[in-house]
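K.L.:
Can you read through this structure? Questions will come right after.
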Amino acid sequence: MNEYWTSLASLLGVLAFCQSLLQTVFPPELRFAFLKLASKIFHWFSSYYYFDITEIDGVNTNELYNAVQLYLSATVSITGTRLSLTRALNSSAITFGLSNNDCMVDTFNGVTVLWEHVVTQRQSQTFSWRPMPEEKRGFTLRIKKKDKYLILNSYLDFIMDKANDIRRKNQDRLLYTNSRGGSLDSRGHPWESVPFKHPSTFDTLAMDPKVKQEIMEDLTDFANGQSFYQRTGRAWKRGYLLYGPPGTGKSSMIAAMANYLGYDIYDLELTEVHTNSELRKLLMKTSSKSIIVIEDIDCSINLTNRKKSAGNGGAGGGAAVRTYYDSPEMRGVSGEEGGGNSITLSGLLNFTDGLWSCCGSERIFVFTTNHIEKLDPALLRSGRMDMHIFMSHCSFPALKILLKNYLGYEEGDLDEEMGKEFEEVLEKAGMTPADVSEALIKNRRDKDKAVRELLEVLKGKAEKNKKGNAGSAEEEEEEQEKRALESPKVEGCDLEEEDNSCKKGGDEDQEQDDEKIEK
């Protein structure tokens with residue numbers, strides 16, 4: 001046994017002597033050149049490329065590292081055996097990731113790649129204005145040499161896009177408002193935000209299922225239409241006009257659109273914006289993948305129909321059009337404010353469809369109004385409001401959705417005879433989904449009672465509408481009779497005898513009136 005230890009000590013001494021001899025004969029520069037040459041020879045004969053993606057690039061965070069981490073979380077959560085769990089700030093989901101020095105295989109367009117999460121201890125650092133983490137993290141991507149161009153040109157861009165989608169889905173959606181007009185806060189933002197937690201979805205939205213399906217398909221085509229908009233030379237945006245009586249679900253529709261696409265909402269209050277330049281600043285500070293909403297646009301500032309305004313003043317001498325353009329109403333200024341708001345119709349049109357609307361991508365503009373006839377046609381044309389959606393009174397398909405939401409009624413649970421009664425009375429009642437919902441909420445603990453009372457309410461509303469329509473028709477007939485009795489006769493003419501000279505005089509007066517109107 002002693003001989004064994006003696007031989008081992010002699011061998012170690014020989015190795016130490018050889019090492020010192022090599023260090024003396026071969027300087028560090030020569031050894032480094034030799035290792036570099038050996039590495040090149042190894043890579044020449046190797047069939048793989050290796051790419052390192054570090055967490056910190058110099059002093060800045062590497063966005064590609066975070067994107068790879070999010071992208072791999074979608075696959076690792078299913079196939080990985082050792083996982084790390086994280087939950088980011090303002091995130092509603094837990095993401096999975098590779099643990100230290102773990103590997104996983106991914107496939108892209110039939111090409112197999114290997115990802116390895118490399119974590120090493122960072123050497124003791126000298127003084128720095130920004131302390132570095134104790135561990136050095138990064139991903140190593142191993143690919144075959146023949147797949148180099150496919151991976152670099154397509155795969156990494158695919159990872160970035162996929163990571164953005166995952167981040168948007170996991171992150172809590174926000175609702176923004178411009179409470180300070182267009183002025184900036186200390187961070188340079190004109191918008192204030194709160195978490196958006198509205199539960200409305202297209203499944204719970206009470207409206208015709210066919211119309212809902214059309215809207216959902218249009219939204220999907222828009223969200224996936226980047227290449228289409230680039231090919232056709234159009235800005236990647238779309239406009240929706242929601243109009244109809246109050247209580248028909250316009251705000252719920254906006255919430256359903258945001259939840260369906262995963263977009264943030266910017267609720268623009270025009271009365272808080274004073275100039276067109278402030279309006280442009282607000283637009284520039286909105287993010288992509290967002291919905292910009294102006295609710296009750298006919299009530300926020302005066303943007304009435306120019307044709308109607310010009311027609312009302314036409315009898316005054318033909319100057320109505322010019323004075324309308326120059327008037328405070330055109331600028332959105334009320335008589336009491338005296339110039340506090342100078343937003344013009346042109347500024348709003350450029351906001352939705354001008355050059356400034358292209359500063360960003362994947363934006364949706366939504367206008368809501370209860371009186372579409374009050375809006376200027378320039379706001380309604382295609383390119384600004386591409387899709388007009390009429391939010392009507394409660395129909396029978398919408399009623400079935402409400403019964404399912406509030407009472408748990410499934411298809412076929414409603415009695416056939418009662419269903420026919422509902423179908424007949426709904427059109428005559430003209431009740432909004434909000435009114436129907438309120439009637440169901442009162443008795444939601446007793447389903448049968450809720451349905452019976454709702455039917456009685458609808459019948460009462462229909463009868464009331466019928467009497468009101470009959471009364472208005474009688475009043476209109478009486479008014480017409482009064483106008484016929486009080487209409488003045490042509491001076492010097494006997495209507496019963498129908499004198500030809502009187503007819504001639506009447507015709508001449510009519511011609512003069514026509515000339516005045518033309519002028």
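The values are calculated or read from the model by the stated rules, or taken from the named source; none is laboratory data. Because the structure is a prediction, the values reported are computed rather than measured. We place every Cβ from the backbone using ideal geometry, glycine too, and count neighbours over all the protein chains shown. For the accessible areas, the whole protein counts, side chains as well, though only heavy atoms, and no ligand, DNA or RNA atoms are used. Shrake-Rupley method; radii C 1.70, N 1.55, O 1.52, S 1.80 Å.
Residue-by-condition table, conditions (1) on the phi > 0 side of the Ramachandran plot; (2) surrounded by fewer than 17 Cβ atoms within 10 Å (Cβ to Cβ); (3) at pLDDT 80 or above; (4) polar (S, T, N, Q):
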position: Gly317; (1), (2), (3), (4): yes, yes, no, no
position: Tyr325; (1), (2), (3), (4): no, yes, no, no
position: Gly332; (1), (2), (3), (4): yes, no, no, no
position: Asn350; (1), (2), (3), (4): no, no, yes, yes
position: Ser357; (1), (2), (3), (4): no, no, no, yes
position: Ile364; (1), (2), (3), (4): no, no, yes, no
position: Thr369; (1), (2), (3), (4): no, no, yes, yes
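K.L.:
Residue check: is Ala434 of a type in the set (Gly, Ala, Ser) and buried (at least 19 other Cβ atoms within 10 Å of the Cβ)?
P.N.:
Taking the combined requirement at face value, the residue does not satisfy it.
K.L.:
Looking at the range 289-308 only, could you name the residues that are at pLDDT 85 or above and either assigned to a helix (DSSP H, G or I) or open to solvent by 40 Å² or more (accessible area, probe 1.4 Å) (or both)?
P.N.:
Lys289, Glu295, Asp296, Ile297
K.L.:
Name the residue that is most open to solvent (accessible area, probe 1.4 Å), counting only residues in the range 374-417 that are hydroxyl-bearing (Ser, Thr, Tyr) and in a loop (DSSP other than H, G, I, E, B).
P.N.:
Only one residue tops the list, namely Ser382.
K.L.:
Any residue in the range 274-287 that is among the aliphatic types (A, V, I, L, M), at negative phi and open to solvent by 10 Å² or more (accessible area, probe 1.4 Å)?
P.N.:
yes
K.L.:
Is it true that some residue in the range 246-255 is β-branched (Val, Ile, Thr) and open to solvent by less than 50 Å² (accessible area, probe 1.4 Å)?
P.N.:
yes
K.L.:
Taking the stated definitions as given, is Glu424 surrounded by fewer than 16 Cβ atoms within 10 Å (Cβ to Cβ) and not in a loop (DSSP other than H, G, I, E, B)?
P.N.:
Yes: the conditions hold for Glu424.
K.L.:
Return the only residue of Thr54, Thr107, Thr75 being modelled with pLDDT of 85 or more and open to solvent by less than 70 Å² (accessible area, probe 1.4 Å).
P.N.:
Within the list Thr54, Thr107, Thr75, the selection yields Thr54.
K.L.:
Exactly one of (1) without any contact (Cβ under 8 Å) to a residue 60 or more places away in the chain; (2) closer than 18 Å to Thr248 by Cα is unmet by His393. Its number?
P.N.:
(1)
K.L.:
Answer yes if at least one residue in the range 195-204 is at negative phi, open to solvent by 50 Å² or more (accessible area, probe 1.4 Å), modelled with pLDDT under 90 and among the polar types (S, T, N, Q), and no otherwise.
P.N.:
There is no residue in the range 195-204 that is at negative phi, open to solvent by 50 Å² or more (accessible area, probe 1.4 Å), modelled with pLDDT under 90 and among the polar types (S, T, N, Q).
K.L.:
Taking the criterion of being in a loop (DSSP other than H, G, I, E, B), at pLDDT 70 or above, under 25 Å from Tyr149 (Cα atoms) and open to solvent by less than 80 Å² (accessible area, probe 1.4 Å), would at least one residue in the range 92-100 satisfy it?
P.N.:
Within the range 92-100, none of the residues are in a loop (DSSP other than H, G, I, E, B), at pLDDT 70 or above, under 25 Å from Tyr149 (Cα atoms) and open to solvent by less than 80 Å² (accessible area, probe 1.4 Å).
K.L.:
Write out, first by first residue and then by second, each pair whose Cβ atoms fall under 6 Å of each other, whose residues are 6+ apart or on separate chains, and whose first residue, in the range 153-165, is part of a helix (DSSP H, G or I) while the second is open to solvent by less than 40 Å² (accessible area, probe 1.4 Å) and modelled with pLDDT under 85.
P.N.:
What qualifies is Ala163/Leu70.
K.L.:
Let me ask another. Which residues, counting only those in the range 149-194, are open to solvent by 50 Å² or more (accessible area, probe 1.4 Å), modelled with pLDDT under 75, over 16 Å from the mean Cα position of the chain (by Cα) and not basic (Lys, Arg)?
P.N.:
Matches in the range 149-194: Ser179, Ser183, Leu184, Ser186, His189.
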